[in-house]
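Below: one structure, written as structure tokens.
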Amino acid sequence: MPAKRTGSGVARSRTVEIDGLLCRRSPHLVSYWRGTDFVVENYATTVRARALPITSDILAFFDDWRRVDALLALRPSDTHDALRSLIAQLLEHSLLQRSDQELPERERAMALWEKWNPAAGFFHVATKDVNFVDMNTQVRSLRERSRAAPMPDPVKRYPGARQIPLPSSSLESEFPRALLTRRTWRRFSRKPVDLSSFGTLLGLTAGIQKWAHAEGEGKIALKTSPSGGARHAIELYTLALGVKNLPRGLYHYAADAHALELIDPNVSGRLVGRYLPNQPWYKPAAALVFFAPVFSRELWRYTYARAYRAVLIEAGHLCQTFCLTATWLGLAPFCTMALADSLIEKHLDLDGITESVLYVAGVGTRPTNAEATPPETRTGRPSMLKRREVQRFPGRIVRSS
Ligand SMILES: Cc1cc2nc3c(=O)[nH]c(=O)nc-3n(C[C@H](O)[C@H](O)[C@H](O)COP(=O)(O)O)c2cc1C
């Protein structure tokens with residue numbers, strides 16, 4: 001064991017240690033005022049610190065690798081101890097990097113987003129791992145909010161404008177029927193989903209249907225959904241729990257081979273509750289499907305942060321195709337943004353930056369007998385329902401029988 005050192009000895013050795021350090025400001029900092037607090041945040045490491053405004057002077061000094069004693073040489077000696085202590089804190093909070101230690105993995109991953117940052121990187125990280133409240137708390141808070149200010153009107157009209165009524169074509173065919181009967185299902189039967197239906201669902205959602213050649217790029221994939229620049233950044237993974245003839249497991253969907261690649265055979269139904277917090281209604285679903293972009297596909301082609309928007313839009317396209325296809329197959333689809341991002345990413349072995357989970361869909365078989373009607377036929381105005389008939393789902397009221 002090393003000999004115990006005196007307090008002043010420790011202080012002296014730390015002083016020497018810090019004075020000789022080469023430091024650099026993390027390239028992933030944003031700062032803002034929250035109330036009276038000046039906040040500096042490293043959006044790569046997700047560390048947020050309240051700071052004195054003078055901190056920005058210190059951070060400005062370290063915009064490239066520089067020794068701490070070079071800063072001290074510019075400042076009166078009676079401020080040195082305070083400065084050393086501040087620098088130690090900036091290092092501890094990852095606002096400064098040190099050359100004698102490897103950069104955290106998240107800093108290295110975020111460096112790949114250089115041309116999109118800070119806008120995209122900050123937004124990406126700031127909107128992850130939200131603490132989703134349970135339904136009762138949500139309804140209580142919405143009720144309070146409605147009292148303070150009514151919900152905005154869900155439609156927009158131009159009352160003075162001339163109105164031209166629009167005709168409609170016949171809706172008596174499969175396509176409009178799928179569109180019109182698509183609903184978010186929150187009840188499922190215990191019957192498993194057929195493997196052929198499941199395969200069709202994944203294939204029509206994310207399978208590569210064709211290859212094409214793009215000048216200057218090479219081979220590009222084409223799918224049932226559009227994708228900005230045909231980047232098709234999004235990969236699909238599935239937690240399959242109730243698919244007939246498919247062993248339970250976590251799988252990756254190989255979009256070119258139309259096949260599932262087993263990642264983890266040791267999964268249980270309990271994961272649904274952990275991955276979709278406070279949404280117990282999804283626990284009996286047969287499978288969850290995770291939409292997870294490979295950002296390098298987008299970053300390679302687009303050097304502006306707006307391309308991040310394209311990835312979000314692409315997730316929406318794929319998810320709608322998923323829901324419509326499942327409806328057409330007579331299944332019960334749903335989608336949710338209330339997901340435990342980092343937990344799922346850990347299971348998928350994604351770092352959350354170069355690849356990340358954006359969206360979750362799922363599917364089950366439709367409930368039988370009384371529940372066989374699509375959910376939409378069970379909605380009604382609250383005033384028309386007796387209290388015991390009302391079951392609350394996020395943002396709406398659904399009659400349960
Ligand atoms: C982006 C997005 C996020 C959603 N998040 C949730 C969610 O967290 N929990 C949930 O039960 N449903 C969620 N839904 C489903 C909506 O609640 C549902 O689409 C909405 O109530 C309209 O009902 P419909 O899909 O049957 O038309 C989400 C839907 C979308 C598009």
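Values quoted throughout were computed directly from the atomic coordinates according to the rules given, and no laboratory measurement underlies them. This is a predicted model, so every value here is computed, not measured. Virtual Cβ from ideal backbone geometry, glycine too; neighbours counted across all protein chains shown.
Structure summary
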item	result
For the chain, built as a Gaussian network whose Cα springs stay under 10 Å, the top-fluctuating residue of Arg48, Arg66, Arg75	Arg75
Inter-probe distance in nm under a simple model that places probes 7 Å from Cα toward Cβ, at Met151 and Lys346	3.5 nm
Segment Ala254-Ser31, length gained on full extension (0.36 nm per residue, minus Cα span)	76.2 nm
Global size of the chain as Cα Rg and Dmax, reported in angstrom	26.9, 89
Neighbour-count order for Val272, Val289, Val311, Val130, fewest beta carbons within 10 angstrom listed first	Val130, Val272, Val311, Val289
All aspartates and glutamates inside 13 Å of Lys223 as judged from Cα atoms, apart from same-chain residues fewer than 8 positions distant	Glu235, Asp256, Glu314
Gain on full stretching of the segment that runs from Arg50 to Lys210 - 0.36 nm per residue minus C-alpha separation	52.4 nm
Most mobile listed residue (Met110, Met151, Met135) in the chain, GNM with C-alpha springs under 10 Å	Met151
Theoretical FRET efficiency, 1/(1+(r/R0)^6), r = Cβ-Cβ of Asp63 and Asn266, R0 41 Å, to 0.05	0.30
Among Thr224, Thr368, Thr238, residue whose mean-square fluctuation peaks in a GNM of the chain (springs only between Cα atoms under 10 Å)	Thr368
Rounded FRET efficiency, nearest 0.05, which uses the C-beta distance separating Trp300 from Thr127 and R0 of 25 Å	0.60
Extension gain (nm, one decimal) between Ser173 and Leu22, 0.36 nm per residue minus Cα-Cα	47.4 nm
Charged-residue dipole, Cβ positions (Lys, Arg, Asp, Glu), the chain about Cα centre, Debye nearest 20	2100 debye
